[in-house]
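The numbers here are math on the coordinates, done by the rules we state, and not lab data. The shown structure was predicted, so the numbers you read here are calculated from the model rather than taken from an experiment. Methodologically, a virtual Cβ is constructed for each residue, glycine included, from the backbone with ideal geometry; neighbour enumeration extends over all protein chains shown.
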Amino acid sequence: MKRLLVIKLGALGDMVLATGAFQAIRGHHAGDHLVLLTTRAYGGLARASGYFDDVWIDRRPPPWRFWDWLALGRRLRRGGFDRVYDLQHSTRSHMYFRLFGAARPEWSGVAPGCSHPHANPDRDAMHTVEREAEQLAMAGIAATPPPDLSWLTGDISAFGLPARYALLVPGGSAHRPEKRWNGYAAAATALAARGLCPVLIGAAPEHAVLAAIAAACPQAIDLCGQTDFAAIAACARGAAAAVGNDTGPMHIIATAGCPSLVLFSAASRPALTAPRGPRVTILQRDSLADLEVDEVMAGLTLRD
């Protein structure tokens, strides 16, 4: 039995997009011991997937905490890995390559000197899904399926959702306001007029944003801070549609099969990072301030 390590530290959208690669690696190494190195936020998600025999949590030590780097290096070397699939391909994961020292395992990635390089100089111009599939093909894994979250299920009965509802995801990175559209209150009102209950999805830091939308549209259901990854997927499977910014939960929603309209500004490159799913529509403007609610409603596709 071989021991394999997969490195994928995040963020949420990247983790969802990598689920096809995870499945491909698991299938190719069906009889081997597969370990994922990821961050704490995604440990539970990785365990629930069933793709990995073990999940290690990376504390991502800063450069000056040399004792943590020494400890991480010892753990990696003691792991006895025969091969590493580096799906993070970052400066940090290149450092992990060096931590193995002279007795490095086989390594699929882009770290200088690795045994199985992703030898495509245009790889950074590829969407994450195709880039990872090509990387794995060059390492001997011929076929990579699309992202899949069929295994991610949650109980949402306590939410009391109506038969017809649409998800709104108005949040996003707090330090990237240019990636947020400010028209969700109007969108919620428009959805309610169509007989669709707006259901608001967001984390606790987005409480004020979601509360303002709920105040403007009393028919809305505010689930701020109540939905873990599994609950988001379950909500998506029952929703008629979803509208959201370029943010992690929209990757779960789209991959779970919900008809999804994802809003992008010039700050993002959907050709490289857009959510994948059976019914995903991208609407992009240089500035989301120029996006009118009528355009969003016109771009929305509803589940039959």
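Dimensions of segment 247-304 based on its C-alpha atoms, expressed as ranges along the principal axes with the largest first, amount to 29, 25, 16 Å. Between helix 207-216 and the chain, what is the angle of the helix's C-alpha long axis to the longest principal axis, kept within 0 to 90° and rounded to the nearest 10? Approximately 20 degrees, to the nearest 10.
Annotation: Cα Rg of segment 157-299 relative to the compact-globule expectation 2.2 N^0.38 Å equals 0.93.
Helix 128-138: angle to the longest alpha-carbon principal axis of the chain, degrees 0 to 90, nearest 10? Taking Cα atoms only, the helix is inclined about 20 degrees.
Is there a quick way to get the dipole size of segment 98-156? I mean about its Cα centre, with the Cβ of Lys and Arg at +1 and of Asp and Glu at -1; what is the value in debye to the nearest 20? Walk me through the numbers on the way to the answer.
On the way: 4 positive and 8 negative charges, 73 e Å.
So the dipole magnitude of segment 98-156 works out to roughly 360 debye.
For residue 241, the amide hydrogen comes within under 5 Å of the amide hydrogens of 167, 303, counting only partners 5 or more places away or on other chains and with H modelled in the peptide plane. Once Lys and Arg get +1 and Asp and Glu get -1 on their Cβ, which of 267, 186, 244 lies farthest toward the positive end of the dipole of segment 157-299? Checking the options against the dipole of segment 157-299, the answer is 244. Mind giving me the FRET efficiency for residue 290 and residue 59? R0 is 35 Å, r the Cβ-Cβ distance, nearest 0.05 is fine. In this case the efficiency is close to 0.25. Based on the reciprocal of the average 1/r between different C-alpha atoms, the Kirkwood radius for the chain equals 20.4 Å.
DSSP loop trypsin sites (Lys or Arg not before Pro) in segment 1-104 with at most 13 other Cβ atoms within 10 Å of their Cβ, which ones? Please list the in-between numbers first.
Numbers: sites: 2, 3, 8, 26, 40, 47, 59, 65, 74, 75, 77, 78, 83, 92, 98; in loops: 2, 8, 59, 65.
Listed in order of number, the matching sites are 59, 65.
Sorted from longest to shortest, the spans of the Cα atoms of segment 122-236 along the three principal axes equal 54, 34, 27 Å. Put simply, the Cα atoms of segment 166-217 extend 34, 20, 16 Å along their principal axes, the longest span coming first.
Mind checking the dipole of segment 157-299: about its Cα centre, +1 per Lys or Arg Cβ, -1 per Asp or Glu Cβ, Debye to the nearest 20? Don't skip to the answer; put the middle values down first.
Working: 10 positive and 10 negative charges, 77 e Å.
Dipole magnitude for segment 157-299 comes out near 360 debye.
Counting only Cβ charges, +1 for Lys and Arg and -1 for Asp and Glu, the dipole size of the chain around its Cα centre is about 1020 debye. Computed from Cα positions, the angle between helix 19-28 and the longest principal axis of the chain comes to roughly 40 degrees. Count Lys and Arg as plus one, Asp and Glu as minus one, and take only other residues whose Cβ is under 14 Å from that of residue 226; the net charge is then -4. With contributions of -39500 (n - 2.57) from each DSSP H run of at least four residues, the per-residue ellipticity at 222 nm computed over the chain stands at -9500 deg cm²/dmol.
Each of 234, 297, 41 was scored by the projection of its Cα onto the charge dipole of the chain, and the greatest displacement toward the positive side belongs to 41; charges sit on the C-beta of Lys, Arg, Asp and Glu.
Starting from the Kirkwood radius over alpha-carbon pairs of segment 3-138, derive D by Stokes-Einstein at 4 °C in a medium of 1.567 mPa s and give it in µm² s⁻¹.
On the way: Rh = 15.1 Å.
Once the numbers are plugged in, D ends up at 86 µm²/s.
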